[in-house]
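What follows is calculated from the coordinates using simple rules that are stated; it is not laboratory data. Nothing here was measured: the structure is a model prediction, and the numbers come from that model. So basically every Cβ, Gly included, is an ideal-geometry build from the backbone, and we count neighbours across all protein chains shown.
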Amino acid sequence: MLFNSLEFLVFFPTVVALYFLLRHRARWLLLLVASSIFYMWFIPAYILVLVFTIVVDYVAGLLIERAQGFRRRAILTCSIVANVGCLVVFKYAPFIARNVDALAAQVGWIPPLPVIDVILPIGLSFHTFQAMSYTIEVYRGHQRAERHFGLYALYVMFFPQLVAGPIERPQNLLPQLHREHTFEYERVTSGLKLMAWGMLKKVVIADRLSRAVDLVYDHPGAHRGPAVLLATVFFAYQIYCDFSGYSDIAIGSARVLGIRLMENFRCPYHSRSVREFWRRWHISLSTWFKDYVFIPLGGSRTSRSGQYRNLMVVFLLSGLWHGANWTFVIWGALHGLYLVGSIATERLRRGLVAAVGLDRHPRLHAAVQVVITFALVDFAWILFRATSLAAAAKVVSRLFRGWGALLGAAGFAGLGTELGLDRLDVVVLLVSVALVEGAARLPEGGSVWDRLAERPVWVRWAAYSALLWWIVFFADAGQRQFIYFVF
Amino acid sequence: MHRDVVRFVARAATLVALNALVLAALVYASSAYVLRHHWRNWETESDLAIMPAREHVDLVFLGTSHARTFSRASNHRRVEMALDRRILNLARGGGGGVVPMRAALSVFFERGNTVDTIVYFIDPWVLYSAAWNEDNAFYEGEPFSLDFARQVYRYAGARGLRDYVLEKLTWSWIDAAPDRTEQDERIVPARSADAAAKRIANLYNAGTDPAVFRKYAALLEDLVVFATARTRLVFVIPPTLLGDEPGTPELRALLKRFRSTYGVPFFDLRDSITTPALFGDHDHLNTRGVTLFAAEFLRPALDGDGRGPQTPPLRTAGAGRRPS
C-alpha cells in the first residue's frame, strides 16, 4: 500500500480510530494485523519472507541471551546469514549470476548459470537491516531479548516504517511498543502536520520533478547539456523530497500512534562537506553502517590506510545495499573516494582557503562549501539514477554539449519544453521548493509549525487549509511509487 | 484523553466543513461564471453546458468526435437544416466511448428532457479500450452539477470525481470561451495508407482483445435497454477514409443482435462518402462533407424509419472510389 493512495486515506484513520478505542493489551495485535495488510497489499506471498526472518531472529535473540562465548557468536552468525541469505536470494542472486556468466563467457566457460529474476520483496533491505540490528544489540548486551513474539514481530513489521525506514534500533522502538500511548491532541496534530508536509514533498515536488528527470534520463542522447544538467539537479531534489517525504509520513503516522521514530534527514543539501552530508542523509542507514560495519572494522581509530579501507568497505556495501547493479556499487565507491579524498586533502584545502582569503569571509566560505558539496553529491546521483554504466556515461558526455543553443530568451523557453514542464509546473515547483527550503532555514531554528502555533487560530487554520489545497490541487497526476521502495 | 479526542474531532470536523463549503462555493461560482456565455451546441465541446431541462428535442446525437463534428465549426445549424429537425449533440470528442455516452444520456433524461430519436454514431474502436471509456476524462470541460457528479463517480471512481471537481478551479476552465469557427475548410488531398495505419494504431491503443470487446458490448447493451425504454434508438456507423477497421465485423454482428432483440435498426454508412476532399482528416468529415452526408445519407436513413437491416447508400458522393 502506498502512502499516497486513496486506500491509505481509508486505512490509516481506521487503524488510528481502532487503536485508541482498543485497550492497550490488544493494540499490538491490531497494529500487527494492520501492518500485515499494509505489506500484503503489494504481493501477499512475500509475507512469508518476513515471517521467516522474524521467526529466525526472535529465536536467535532468545538463544543468544542464554548462550555464552563461541555459541553466542555462532547463533548471531546464523541469524545474520539467514537475513543476508534472504537478501542474496531475492536481490543479489540474479546480479551475481549475470556477472559470473559474463566472466565465464570471457574465459570461454560454456554452461551459464541460471538467471532467475524474482520480484524483490518490498522493503526487504530495510526490514532485514532492522532485524539484524536487533540480534546484534542483543549479542552486544545492549538490548534484552524480546519474549513477546507478537511485539517482536511488530518491531520488524511496524507499518509506518516497514517498507522504507527509518531503520530503527530495538532500544528505541521495542520499549515504545510495550508502553501504553494515549490520545494527545498536540502529538496527534503534530503527526498529521508532518504527514501533510511529507505529502507536499512527495506528490507535489518529487513526482513533478520526476517527469522531467525521466524524460531526459530515459533518452539522454536526445537532450542538450543544459537540459541534462537541470535534470540532474532536479533528480537531486526529487530523490530528497521523495525519500524525506516518505520519512516524514512514516514518522508522522507513527507519532499519531504515540511512537517516536528516529529522524532520517536533516537538510542534507545544506552540508558543507560530503562527510557532513552523510550525517544528514538517510541517517538511519548511515548510522547503521557506522555502528555495525565501520566501527567493528576499526573505524577511524586505526592507521590512515586502515581508515581509508574501512570507509571504502562501508560505502561499497552501502552502494550494494541500494541495488544489485554496478551503477550503485560505483556510486557508493565514489562517495567513499570523496571521503577518502577529503581526509587526504584536508590540510591542502585549509591552506588553499587561507591563501585565497576565504577564511576571512565565513559566509562566503560556507556558501562555496555547500555548492561544491552539492556538485559532488549531484554528480554521483547520475550513477544512482542511470540504469546502467553506459547510460551514466552517456549522461555525463551530454552534460557538456549544446550549451550554445541556450543563448537568448528562446533558448531558455525551449528548456522548459525539453523538460516537459509548463509554466504552471515551474510556478508550483518554485513555490513548493521555497516553502520547503524556507521551513528548513528558519532563523533561530525551530519548526514552521512552532512558529505557526504562535499565530491566531484563523491564521493557523488558513495555513493548514492552504497547505492541504496546495497538495490536493497540485499533486502530480499518476500515483508514483516511492523511489526507495525498490530497495 | 477523552477531552483531547473530542477537541480533535470537533476541530477536524469544523476544518473539513469549512473547506468543503469554500470548495463548493468556488466550484459553483466558477461553473456559473463559465455558463454566463449561454453556450450553443456548436460553440463548445461540453454536453452539460448545452443540456436543457424539461425540453423536447427531435434528435440526440451520441458518439465520438465523428459525431461531434456535426456540430463543430457551426455545422450544427447546417445539419439541423438538412435534417429539418432540432438536434442536441451529446457526442464527445477525444474518444467519447460507451461510458461517457451512458453518463450523458442518464443526465439528459434525469433532467426531464424527451427526444424522438437517439442517433448513436458508433465506431468499433470504442469497444476495445478503457482509454475511450472509464479512463477517458469525459468530465473535463463540464460545468459542475450533482447529477453528473454521480455519473462521474459511478464510472470513473473517486479519482475521477476529484479531478472533475478540481478542474473547475483551473484557469483553463475559467477562461473557456465560445468557439465561433464558421466552417471547417480542411481537406485531405489524397488518402494515405500510412496516415490511415497510424490513426488506426492510435485508436486501437489497447489492441483488439475480445474480452475487452465483450465488456464494452455489455455496457452498450445496457445503454440500448436504457434508451429504448424511453425513446427510439438508431445506430449509424459513420463514414471514414481509414478503410477496414479491426472489429467492424464484430460490431456489425452486435448491432444485428440489437436489431433482432430490441428492434434497434442500424445503418452502415462507412462507405457512403469516399471522396478525400470531403474529409478534414482521414476520419472526420469537413463542413462540405458534413452537409452532404446529412442531406444525402443521414436524412433518408432517418426518414426511412429504419426499414431494412442495412439501408444502402443512395449514391456514392464524388467521383472517387475507396481503394480496396
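How much length is gained on full extension from A:Val472 to A:Glu263, taking 0.36 nm per residue of separation minus their Cα-Cα distance? List each step's numbers first, then the result.
On the way: separation 209, 0.36 × 209 = 75.24 nm, distance 2.62 nm.
Additional length available on full extension: 72.6 nm.
In whole percent, what relative contact order does chain A give with Cα contacts below 8 Å and a gap of six or more residues?
On the way: 588 pairs, mean separation 87.4, N = 487.
Rounded, it is 18 percent for chain A.
Given +1 at the Cβ of Lys and Arg, -1 at the Cβ of Asp and Glu and no other charges, the dipole of the range B:41-134 around its Cα centre is 100 debye to the nearest 20. Treating r as the C-beta distance of A:Arg401 and B:Asp135 and R0 as 30 Å, the FRET efficiency rounds to 0.15.
Farthest toward the dipole's positive end in the protein assembly as shown, which of A:Leu334, A:Leu383, A:Leu30, given Cβ charges of +1 (Lys, Arg) and -1 (Asp, Glu) about the Cα centre? In the protein assembly as shown, that residue is A:Leu334. Pairwise alpha-carbon distances in the protein assembly as shown exceed 37 Å for 57% of all pairs.
From its DSSP helices (H runs of at least four residues, each -39,500 (n - 2.57)), chain A gives a residue-normalised ellipticity at 222 nm of -22500 deg cm²/dmol.
Just the ratio, please: alpha-carbon radius of gyration of the range A:186-340 over 2.2 N^0.38 Å, N its number of residues. Compared with the compact-globule rule of thumb, the range A:186-340 sits at 1.20. Note on A:Lys193: aspartates and glutamates with a C-alpha under 18 Å away, same-chain residues under 8 apart excluded, are A:Glu184, A:Asp242, A:Asp248, A:Glu263, A:Glu437, A:Asp450, A:Glu454, B:Asp4. Direction-averaged projected area, Cα convex hull, the range A:145-244: 8.8 nm², rounded to one decimal. Computed about its Cα centre, the charge dipole of the range A:74-206 is approximately 200 debye, with only Lys, Arg, Asp and Glu carrying charge at their Cβ. Taking other Cβ atoms within 10 Å as a rough exposure proxy, B:Lys215, A:Lys193 sort from fewest to most as B:Lys215, A:Lys193. Close amide H contacts of B:Ile273 (hydrogens built in the peptide plane, cut-off under 5 Å, sequence separation of 5 or more or a different chain): B:Thr240. With the Kirkwood sum run over all distinct C-alpha pairs, chain B has a hydrodynamic radius of 20.9 Å. For a straight C-alpha distance cut-off of 19 angstrom, the lysines reachable from B:Lys256 (same-chain residues fewer than eight places away being disregarded) are B:Lys215. Proximity of backbone amide H atoms, modeled 1.01 Å from N, is registered between B:Gly280 and B:Leu285, B:Asn286 at under 5 Å, excluding neighbours fewer than 5 places apart on the same chain. Taking a point 7 Å out from the Cα of B:Tyr33 in the direction of its Cβ, the residues of the range B:123-164 whose backbone N falls within less than 16 Å of it are B:141-144.
Take the convex hull of the alpha carbons in the range A:1-148; its mean projected area over all directions comes to 12.4 nm².
Normalised size of the range A:264-304, defined as Cα radius of gyration per 2.2 N^0.38 Å with N residues, equals 1.27. Across the range A:112-196, the convex hull enclosing all Cα atoms gives 145 Å³ per residue. Put in line by how crowded their Cβ is, counting other Cβ atoms within 10 Å and starting with the fewest, B:Lys256, A:Lys394 read B:Lys256, A:Lys394. Spacing of the modelled spin labels on B:Thr248 and A:Leu389, each 7 Å from Cα toward Cβ, amounts to 5.5 nm.
In order along the range A:458-467, the phi-based Karplus estimate (6.51 cos²θ - 1.76 cosθ + 1.60, θ = phi - 60°) of 3J(HN,Hα) comes to 5, 5, 4, 5, 5, 5, 4, 4, 4, 4 Hz; Gly and Pro are listed as x.
Backbone geometry of the range A:231-240 corresponds, through the Karplus equation with coefficients 6.51, -1.76 and 1.60 at θ = phi - 60°, to 3J(HN,Hα) couplings of 4, 5, 5, 4, 5, 4, 6, 4, 5, 5 Hz, x marking Gly and Pro.
Give, in nm to one decimal, the length gained when the segment between A:Thr417 and A:Val313 is fully stretched (0.36 nm per residue of separation minus the Cα-Cα distance). Spell out each step's value before the answer.
Working: separation 104, 0.36 × 104 = 37.44 nm, distance 4.26 nm.
Answer, rounded to one decimal: 33.2 nm.
The mean sequence distance of close C-alpha pairs (under 8 Å, at least 6 residues apart), as a share of the length of chain B, puts its relative contact order at 20 percent.
With the Cα gyration tensor of the range A:27-87 in hand, convert its eigenvalues to equivalent ellipsoid semi-axes via √(5λ) and list them largest first in whole Å.
Working: eigenvalues 156, 44, 6 Å².
Equivalent ellipsoid semi-axes, largest first: 28, 15, 5 Å.
When the P(r) of the range B:58-175 is calculated, the portion above 17 Å amounts to 58% of the C-alpha pairs. What you get for the range B:208-298, charging only the Cβ of Lys and Arg (+1) and of Asp and Glu (-1), is a dipole of about 440 debye around the Cα centre. On the basis of the beta-carbon distance and an R0 of 41 Å, A:Val33 and A:Val427 show a calculated FRET efficiency of 0.40. Bridging of A:Lys91 to aspartates and glutamates at a Cα separation below 14 Å is possible for A:Asp117, once same-chain residues fewer than 8 apart are set aside.
In whole Å, what three semi-axes, largest first, describe the equivalent ellipsoid of the range B:145-202 built from its Cα gyration tensor (square root of 5 times each eigenvalue)? Don't jump to the answer; show the numbers that get you there.
Numbers: eigenvalues 243, 83, 22 Å².
Those come to 35, 20, 11 Å.
Taking label positions 7 Å along the Cα-Cβ direction at both A:Asp359 and B:Ala218, the computed distance is 7.9 nm, reported to one decimal.
Each residue of the range B:204-217 is assigned a 3J(HN,Hα), and the resulting list reads 9, 5, 10, x, 10, 6, x, 5, 5, 4, 4, 4, 7, 5 Hz, derived from the Karplus form 6.51 cos²θ - 1.76 cosθ + 1.60 (θ = phi - 60°), x at Gly and Pro. Short-range pairs are left out: with C-alpha atoms under 8 Å and at least six residues apart, the relative contact order of the range B:42-141 is 38 percent. Ranked for footprinting exposure by Cβ neighbours inside 10 Å, fewest first, B:Ile174, B:Ile237, B:Ile200 give B:Ile174, B:Ile200, B:Ile237.
Kirkwood analysis of the Cα pair distances in the range B:160-267 returns a hydrodynamic radius of 17.9 Å.
Annotation for B:Asp163 and A:Arg301: the two label points, set 7 Å from Cα along the Cα-Cβ direction, are 6.0 nm apart. Shown is the FRET efficiency for A:Val457 and A:Glu184, computed with R0 = 22 Å from the Cβ-Cβ distance and rounded to the nearest 0.05: 0.70. Taking only the Cα atoms of the range A:164-204, the radius of gyration and Dmax are 13.4, 37 Å. Under 5 Å between amide hydrogens, built in the peptide plane, is the criterion, and for B:Ile118 it picks out B:Val60, B:Arg232, B:Leu233, B:Val234 among residues at least 5 positions away or on other chains.
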